[in-house]
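*Asks:* My questions all concern the structure below.
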Amino acid sequence: MILTAEKISRSFPRGSREFYALQETDITLAGGRMTVLQGRSGSGKTTLLNILAGLQSPSSGRVLAQMTRGAEDGSVQGEMAPAATDLYSLDDKELSRFRNDHYGIVPQGQSAVAALSVLENIMLPGTVYSQDVNLPEKAQALMERMGIADLKNAFPKELSGGEMRRMSIARAMIRDPQVLFADEPASDLDDENRDTVFSILREIADEGKAVLVVTHERCARNYADEVYQMDAGALRLA
Amino acid sequence: MKIFQKLPLLNILRRPVRSAVLLFMVAILSFTVFGGAVMVSGLRRGMASLEDRLGADIMVVPEEAAGKDGLESIVLQGNTGYFYMDDTRLEEILAVDGVSQAAPQIFLASLAASCCSAKVQLMGFDPQSDFTVLPWIRKSYAENLKEMEVVVGSDITSEEGDTLTFYDVDCTVAAKLTKTGTNYDRCVFAGADTIRVLTSSSIGKKLNQFSEIDPNHVISCVLVNTQDGADMDKVVSAINETVDGVTAVRTGSMVSGIAGSLNGISRIVRVMIIVVFVLAFIIMMIAFTMLINERRREFALLRVFGVSQGSLARSVWSEILLICLTGALIGVLAALLVTVPFSGALQGRMDMPMLMPGIASMLKYLLLAVLIAAAAGTLSSCWNVNRVCRADIGLALRLEK
């Protein structure tokens, strides 16, 4: 999948004026590439990620998802499909289904359903619509890959920050998405856990997925194909 | 079942303290609704049953037996007692204008002593003229009662074929009557001849307060039906004026006190249900608001995973309805455990007849309690559910980091 944002912006009313969290921006995410987005707090990084991920509608512009033919049946590489999907022309039901089918999202901060175990949390996105018969095996494989296999029956409150992030990445990968979005996946982690998380994200990109990482961590540049800098809602290539 | 579909149930099971508090709130509401409805219905049925059992327009008793210490004490408070008047009063009553039927009854109370099986109220009726007791007995026993045969109310522990002894005279239990929910359930009934034999024996043993009476020529009360179109108040006045030493009362006035109390209780129960509903509604609204606010980030996460607004709303509603339905059933069960086994004690406490509603009515009240609990749950949380399902996902995730 190639994800293209065309002239997207996002503004909020602030008093009698409009505040632009995101100024008019173009960006493209392509399979096999890891894009890192950096900038100060409040610079608009998460707003851009949310818009690209179909979580927050832009004030202007559009986000187009161009499928590869192979991508429609689950593989990553393939010929380009003729028509692109404008995400925000979809209704809520269609957009929700699109997110479930094509996106993996690692939200910022604590991101677990408290009543579910680690295994159940990871499997959850795979059970919202039809359930893949191999889902438990896929979840097990992902847990092993993330190094949290022995925590499958633990509950979120029992996890450390690093374990929680790895669980979030495993859950984002359970539907074998075309695009992976990760918002501050290494914040509050120690150096070892931070490197583990970025290495995993790099591996995912190397498998052909498009990966967008929003992070403050400067070391993320070492894993990236492209690094963007966000400043007061304006995006530029670093 | 898939994890997403099981999520409402898992949220309830794996957060036991929070779930228990919510279930308790709903259970209190349904306990009040169901228990209140069953109690009022039981009292209304008991009242109808009592009117049915009294079965006459007018009752005539000796002057000294009128009022709380006499007939009403026996019929309404379930006390034992007896009083007598000469049986010639029956002919005099029958001669009063407007009287179409008159049937005598003879009372006797047994003792909690070695001469008697138990302390119960004994009621004798004349099979030739009776129109109140016999139709009731006919539902349980088709034969004519022979001498020294009795039928017992449903609360008497004896069964058909058992022998009961009163004043050292053995009587055979011919049948057991169907439950009425009134104090008649604790009475023993017999033909007039049998009661006269028992009365003679009680006098012979010097165990009867009225040692001077001739048991073969006394009666305790006369039940009167008036002719069609007759003015009952005028018939009552005529009996009181023309028959010496008696007091006639309309049976309606005997039960009017109960009817008044019953209306009072119904009003109290209605007010109680409204107060509990309002309180439960407010507490549930606060509880569900807290529950939903506490989990706003979780709901936003579900949206991130691709759960649509509609699916999220269904999931949250399922959880709320599961709590409401389970809580309602717990409340109904608790109310059943209180009202059914203790209906006799409630009846005694309130000095009012009580006949528990049948299965169909119980099911109706159960449905009512469940619907009210579900309505309270959904109404108290609908605004919050709607708010959380329609929230901007990006903003919700930022606010709830």
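The values are calculated or read from the model by the stated rules, or taken from the named source; none is laboratory data. Note that this is a predicted model, so its numbers are computed, not measured. We place every Cβ from the backbone using ideal geometry, glycine too, and count neighbours over all the protein chains shown. With ligands, DNA and RNA removed, areas are computed over all heavy atoms of the protein, side chains included. Shrake-Rupley method; radii C 1.70, N 1.55, O 1.52, S 1.80 Å.
*Asks:* Residues of the range B:155-172 being open to solvent by less than 30 Å² (accessible area, probe 1.4 Å) and hydroxyl-bearing (S, T, Y), which ones?
*Replies:* B:S158, B:Y167
Condition check ((1) within 13 Å of chain A (Cβ to nearest Cβ); (2) among the polar types (S, T, N, Q); (3) part of a helix (DSSP H, G or I)) across all residues:
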| site | (1), (2), (3) |
| --- | --- |
| B:I273 | no, no, yes |
| B:I282 | no, no, yes |
| B:T289 | no, yes, yes |
| B:V307 | yes, no, no |
| B:A328 | no, no, yes |
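Let's see how each residue does on (1) within 30 Å of A:I51 (Cα to Cα); (2) assigned to a helix (DSSP H, G or I); (3) in the same structural domain as B:V307 (by TED's automatic domain parsing):
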residue: B:G331; (1), (2), (3): no, yes, yes
residue: B:V338; (1), (2), (3): no, yes, yes
residue: B:P341; (1), (2), (3): no, no, yes
residue: B:K364; (1), (2), (3): no, yes, yes
residue: B:L368; (1), (2), (3): no, yes, yes
residue: B:I372; (1), (2), (3): no, yes, yes
residue: B:T378; (1), (2), (3): no, yes, yes
residue: B:N384; (1), (2), (3): yes, yes, yes
residue: B:L395; (1), (2), (3): yes, yes, yes
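*Asks:* Tell me the residue from B:I12, B:I3, B:I58 that is within 30 Å of B:D185 (Cα to Cα) and of a type in the set (V, I, T), please.
*Replies:* Exactly one residue qualifies, and that residue is B:I58.
*Asks:* Please enumerate the residues belonging to the range A:214-238 that are assigned to a helix (DSSP H, G or I) and surrounded by fewer than 18 Cβ atoms within 10 Å (Cβ to Cβ).
*Replies:* Those that are assigned to a helix (DSSP H, G or I) and surrounded by fewer than 18 Cβ atoms within 10 Å (Cβ to Cβ): A:R218, A:C219, A:R221, A:N222.
*Asks:* Moving on to the next point. Could you please tell me which pairs satisfy a Cβ distance under 6 Å, a separation of 6+ or placement on different chains, a first residue in the range B:231-253 that is touching a residue at least 40 places away in the same chain (Cβ under 8 Å), and a second residue that is of a type in the set (G, A, S)?
*Replies:* Partner pairs satisfying both residue conditions: B:V235/B:G98; B:V236/B:A248; B:I239/B:A248; B:T247/B:A66; B:T251/B:A56.
*Asks:* Can you pull out the residues in the range B:237-250 that are β-branched (V, I, T) and open to solvent by less than 20 Å² (accessible area, probe 1.4 Å)?
*Replies:* Answer for the range B:237-250, where residues must be β-branched (V, I, T) and open to solvent by less than 20 Å² (accessible area, probe 1.4 Å): B:I239, B:V243, B:V246.
*Asks:* Same structure, new question: What residue, among those in the range B:173-191 that are assigned to a helix (DSSP H, G or I) and open to solvent by 10 Å² or more (accessible area, probe 1.4 Å), is modelled with the highest pLDDT?
*Replies:* Only one residue fits best here, namely B:R186.
*Asks:* Scanning the range A:115-138 for residues that are more than 11 Å from B:F305 (Cβ to Cβ) and of a type in the set (G, A, S), which turns out most open to solvent (accessible area, probe 1.4 Å)?
*Replies:* A:S130
Every residue, every condition in (1) open to solvent by 10 Å² or more (accessible area, probe 1.4 Å); (2) in contact with a strand residue (DSSP E or B) (Cβ under 9 Å, 6 or more places away or on another chain), yes or no:
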site	(1), (2)
A:G15	yes, no
A:F19	yes, yes
A:L22	no, yes
A:D26	yes, yes
A:T47	no, yes
A:A53	no, yes
A:S57	yes, yes
A:Q66	yes, yes
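*Asks:* Could I ask something else about it? Out of the residues in the range B:292-305 that are open to solvent by 10 Å² or more (accessible area, probe 1.4 Å) and more than 12 Å from every other protein chain (Cβ to nearest Cβ), which is farthest from B:G36 (Cα to Cα)?
*Replies:* B:R296
*Asks:* Here's another thing I want to ask about it. Look through the range B:206-234, keep the residues that are open to solvent by 80 Å² or more (accessible area, probe 1.4 Å) and not polar (S, T, N, Q), and return whichever of them is nearest to B:R250 (Cα to Cα).
*Replies:* Taking the candidates together, the pick is B:D233.
*Asks:* Restricting to the range B:110-161, give me the number of residues that are in a strand (DSSP E or B) and modelled with pLDDT under 85.
*Replies:* Of the range B:110-161, the ones in a strand (DSSP E or B) are B:121-125, B:149-152.
In the following step, the residues that additionally are modelled with pLDDT under 85 were identified as none.
Residues meeting the conditions: 0.
*Asks:* Where in the range A:5-104 are the helices (runs of 4 or more DSSP H), entirely inside, with at least 3 residues that are within 11 Å of another protein chain (Cβ to nearest Cβ), modelled with pLDDT of 90 or more and more than 17 Å from the chain's Cα centre (by Cα)?
*Replies:* Helices (runs of 4 or more DSSP H) meeting the threshold: A:92-102.
*Asks:* Would you mention how many residues in the range A:182-230 are more than 26 Å from A:I2 (Cβ to Cβ) and touching a residue at least 40 places away in the same chain (Cβ under 8 Å)?
*Replies:* Residues meeting the conditions: 4.
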